[in-house]
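As structure tokens, the structure follows; a few thoughts come after it.
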Amino acid sequence: MNVWEMLLTLEEFLTKNLASFENKPAILEVINELKTANVEIRTLNQSQSVKTEADYAIKSTDEEVLIATAVKVSDGLKVIAATSKDERLKIEAKVSKWDFGRMRKSDMYVRLTQLHVTALPYVAQLLPLGISQAEVDSLETESTRLMKVKPVINNIEGKTKKATTDLADTISGINAVVRDTLDNLMLEFKLLNPTLYGEYLNARKINNRASGHASKTDEQK
């Protein structure tokens, strides 16, 4: 963002010395372009700074809790199946953490919803085993909620990547206008107002944090 910092400094300098350019329409046009670009850059910079790592971390934790609940419900149903010698229930309740780990996300959510349907008729029998109605219901409600999270995260990532590309293009575009047009227009002041021109060159310096020095403008090179 060093180039943008230069563009902001340059805008500040030009605005402060606007009276010196009031009869210079070509320079005023570039100043207006610069101001517009800086507003756009600020907006794009905020957009591309959106992070999704936290969203993924939260989603992953929620999935782990949901899977743990599913295994608990499954174990309870297996107890009921063994007690009543219900082979059908035994088969429908059969699932493990390992099974969930091998599934695609979409298949996992379908399996969790199926387990919820299987468990509903046995809620009363699951209660003495320490499994609540809320835990059974969460298999369906949390699966539905989490299925909606990934598309939202993907959408945010897509917008973030586009904003990053647009940001680079906008900075590059206005920097080219400054370099190819404004630098040449300002040469007049090199002859007529050396002090103002020197201040302009200072505003055009790009701070190089890596080296601890300011790089020269094209005119200074």
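The values are calculated or read from the model by the stated rules, or taken from the named source; none is laboratory data. Computed from a prediction, not measured in an experiment: that's the story for all the values here. We place every Cβ from the backbone using ideal geometry, glycine too, and count neighbours over all the protein chains shown.
Summary of computed values
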read-out	value
Residues within region 77-98 that are part of a helix (DSSP H, G or I) and under 21 Å from Thr141 (Cβ atoms), tallied	4
Top-ranked residue of region 41-60 - restricted to ones that are surrounded by fewer than 16 Cβ atoms within 10 Å (Cβ to Cβ) and not polar (S, T, N, Q), ranked as modelled with the highest pLDDT	Arg42
Matching residues in region 108-124 - criterion: being aromatic (Phe, Trp, Tyr) and either touching a Gly at 6+ places or on another chain (Cβ under 9 Å) or not in a helix (DSSP H, G or I) (or both)	Tyr122
Of all residues in region 3-40 being free of Cβ contacts under 8 Å to residues at least 12 places away in the same chain and charged (D, E, K, R), the one that is surrounded by the fewest Cβ atoms within 10 Å (Cβ to Cβ)	Glu22
Ala19 at pLDDT 90 or above and in contact with a helix residue (DSSP H, G or I) (Cβ under 8 Å, 6 or more places away or on another chain)	no
Verdict on Asp99 being modelled with pLDDT of 80 or more and assigned by TED's automatic domain parsing to the domain that holds Ile67	yes
Ser74 being in the same structural domain as Thr144 (by TED's automatic domain parsing), under 18 Å from Ser143 (Cα atoms) and crowded, with 19+ Cβ neighbours inside 10 Å	yes
First in region 176-199 and of a type in the set (Lys, Arg), second anywhere and loosely packed, with under 15 Cβ neighbours inside 10 Å and not in a helix (DSSP H, G or I), Cβ under 6 Å, 6 or more apart	Arg179/Asp218
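Rundown of residues vs (1) within 30 Å of Glu29 (Cβ to Cβ); (2) polar (S, T, N, Q); (3) at pLDDT 80 or above; (4) in a helix (DSSP H, G or I), yes/no style:
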{"residue": "Ser138", "(1), (2), (3), (4)": "no, yes, yes, yes"}
{"residue": "Met147", "(1), (2), (3), (4)": "no, no, no, yes"}
{"residue": "Thr160", "(1), (2), (3), (4)": "no, yes, no, yes"}
{"residue": "Glu199", "(1), (2), (3), (4)": "yes, no, yes, yes"}
{"residue": "Asp218", "(1), (2), (3), (4)": "yes, no, no, no"}
